[in-house]
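Readers should treat all values here as calculations from the given coordinates under stated rules, not as data from a laboratory. Not measured: the values here are computed from a predicted model. Cβ coordinates were reconstructed from backbone atoms using ideal geometry, including for glycine residues, and neighbour counts include every protein chain displayed.
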Amino acid sequence: MIRKTDTRFTRHAGRESSALGFTLIEVIVVVAVISLLMSLLLPALGAVRRTAQQTECLSNLRQIGVAHQMYMNLNREAFVDVDLPHGGIGDPRNSWLTKLPRVFHDSTLALRSPADRSPYWSVDEGGAWDGMTLDQALDFLEANPGETLQSSQISRWSSYGINYLLTRKFGAYVQFQNGQVKTSEFHRLQWIPRPSQTVHFTVMSQGEGHKNSDPLFARSDHFHSDEWFDYPNQEQLPDWVVREIEIGIHGGPTAGWNSRSNYLFVDGRTASLTFREVYVDKNRNAFLPLASPP
């Protein structure tokens, strides 16, 4: 026997089914709200990420400072040296990149800033440069003790570099005092008049990001602050300095007085500072030990 369909039940079930779904307008509203929340949260998340990178970079520099203190203790307060070229020939065996890890209980120093996006890291280390890594270079030199390396053969080995003034390679700084020539050297701790206010290490140029960025300095172990003090237009100095170091890697413009980077001072202190805070002019800066505080 065929039963007549209960139309009241069928209509009621249809109403329940539609109540459990979403209309097109509701979906659009939900998507719009999510998009709005994401637009509000992404800048905050970006700021958190940048702060975390800055903090980790400072920690790397602090670790380098500890290793350097250990090196000085073993070498009568002499500073570690440099020997990676920026256009010439050098011997990595003399560089701080090989000497500091050796005294740091053979532990691996954290030499790469988390904010470092340089393409001049080796392909083997996630970069785009077909050059030797530090380990490959040392293996090569061990197998060929009479050889040296050209800058074109090496990749980026560290995010960080030394103030060239504070090395034995530099020699002496010449200045005039009371009509007489005076020379000063800065490669021992006792010869630095203001250790807490003299920059020792900072972040090297990544080799791109600004018209003056220099790929050669991106693969070197030092920067030439000794060439900055006589730069003819001191107001435009940030545009020149970025060929060697990254003054804006942790905030502000790529090249400007408000560009922010991390610095390790001779006494082991680290700080995240704008370029204006470390360099006012050639007589007030934190790169020349004889200059007044910035």
- request: May I ask you to sort Phe223, Phe22, Phe275 by Cβ crowding, counting other Cβ atoms within 10 Å and putting the fewest first?
  value: Phe22, Phe275, Phe223
statement: Taking r as the C-beta separation of Ser59 and Ile28 and R0 as 45 Å, the FRET efficiency to the nearest 0.05 is 0.45
field: Relative frequency of Cα-Cα separations exceeding 28 Å in the stretch 49-285, percent
entry: 28
- prompt: For the chain, what does -39500 (n - 2.57) per DSSP helix run (n ≥ 4), summed and divided by total residues, give at 222 nm, in deg cm²/dmol to the nearest 500?
  reply: -10500 deg cm²/dmol
- request: Treating cross-link reach as a plain straight distance, find the aspartates and glutamates whose alpha-carbon is under 19 Å from the alpha-carbon of Lys182, omitting any fewer than eight places away in the same chain.
  value: Asp226, Glu227, Asp230
statement: The residues Tyr71, Tyr263, sorted from fewest to most surrounding Cβ atoms within 10 Å, come out as Tyr71, Tyr263
message: If amide hydrogens are placed 1.01 Å from N in the peptide plane, which non-local residues have theirs closer than 5 Å to the one on Met204?
response: Tyr160, Gly161, Glu246
- prompt: Against the longest alpha carbon principal axis of the chain, how many degrees, from 0 to 90 and to the nearest 10, is the axis of helix 7-19 turned?
  reply: 10
- prompt: With axes computed from alpha carbons, what is the tilt in degrees of helix 24-74 against the longest principal axis of the chain, rounded to the nearest 10 within 0 to 90?
  reply: 20
field: Ranking of Met70, Met204, Met132, Met38 by count of other Cβ atoms within 10 Å, fewest first
entry: Met38, Met70, Met132, Met204
field: Rounded Å value of the spacing that divides the Cα centres of the stretch 55-125 and the stretch 256-275
entry: 18
